[in-house]
1. Could you grab me the full set of residues in segment 9-24 that are in contact with a Ser or Thr (Cβ under 8 Å, 6 or more places away or on another chain) and exposed (fewer than 10 other Cβ atoms within 10 Å of the Cβ)?
2. Checking the condition more than 23 Å from Glu132 (Cα to Cα) and either free of Cβ contacts under 8 Å to residues at least 40 places away in the same chain or surrounded by fewer than 19 Cβ atoms within 10 Å (Cβ to Cβ) (or both), which residue from Gly68, Gly47 passes?
3. Just need a number here: residues in segment 92-142 that are of a type in the set (S, T, N, Q) and in contact with a Leu (Cβ under 7 Å, 6 or more places away or on another chain).
4. Just name the residue that is surrounded by the most Cβ atoms within 10 Å (Cβ to Cβ) out of those in segment 97-132 that are within 14 Å of the chain's Cα centre (by Cα) and among the charged types (D, E, K, R).
5. Is there a residue being within 13 Å of the chain's Cα centre (by Cα) and over 17 Å from Thr140 (Cβ atoms) anywhere in segment 27-34?
6. Within segment 111-135, how many residues are within 21 Å of Lys53 (Cα to Cα), in contact with a helix residue (DSSP H, G or I) (Cβ under 8 Å, 6 or more places away or on another chain) and modelled with pLDDT of 95 or more?
7. Kindly indicate the residue of segment 30-44 that is out of contact with any His (no Cβ under 9 Å at 6 or more places or on another chain) and loosely packed, with under 15 Cβ neighbours inside 10 Å and also farthest from Leu104 (Cα to Cα) among those meeting that condition.
8. Among the residues of segment 20-31, is there at least one that is at pLDDT 90 or above, under 24 Å from Leu79 (Cβ atoms) and of a type in the set (A, V, I, L, M)?
Amino acid sequence: MGRTVWFERLRELDSFEWAESNVDQATFETLAEGHFTSQAHNLILVGGTGTGKTHLATALGIAVIHRGQRVRFFNVVDLVNRLEQEKANGQSGKIIRQLLQVDLVILDELGYLPFPESGGALLFHLVSQLYERTSLIITTNL
């Protein structure tokens, strides 16, 4: 079975308030089957604060774990800080190598808080290395 790492709160699709959202429930139920990860497809969930992006991303991550796949969840600012610390310690690439071993990486709250340009470059490098090798779900308000 897969592992849950760094989920702040466990959320499931059945606890999402579908009636309060314009999100298509059937689409997310299909995504929860996890087939998108076998092809390293990516999802971007865009919307304002309080629209359920993090809930849906987490719920998809949990569903994928239940199907035996590996998932990592990061707040984007926290990840950028870790990438910068890794670089400062002369260990660049360690996080990327770890994330290439998982099936799905969730990057939560892109754009919610600013980070330095150097952090943006590190994040871009990470995403480009994962592209077509590991699925990503990115939540953003941009």
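1. Arg9
2. Gly47 is the lone residue from the list that is more than 23 Å from Glu132 (Cα to Cα) and either free of Cβ contacts under 8 Å to residues at least 40 places away in the same chain or surrounded by fewer than 19 Cβ atoms within 10 Å (Cβ to Cβ) (or both).
3. 4
4. Asp108
5. no
6. Selection size over segment 111-135: 3.
7. Looking at the filtered set, the residue picked out is Thr30.
8. yes
The values are calculated or read from the model by the stated rules, or taken from the named source; none is laboratory data. This structure is a prediction, so every number in the text was calculated from the model and none was measured. All Cβ positions, even for glycine, are placed from backbone atoms using ideal geometry, and neighbour counts span all protein chains on display.
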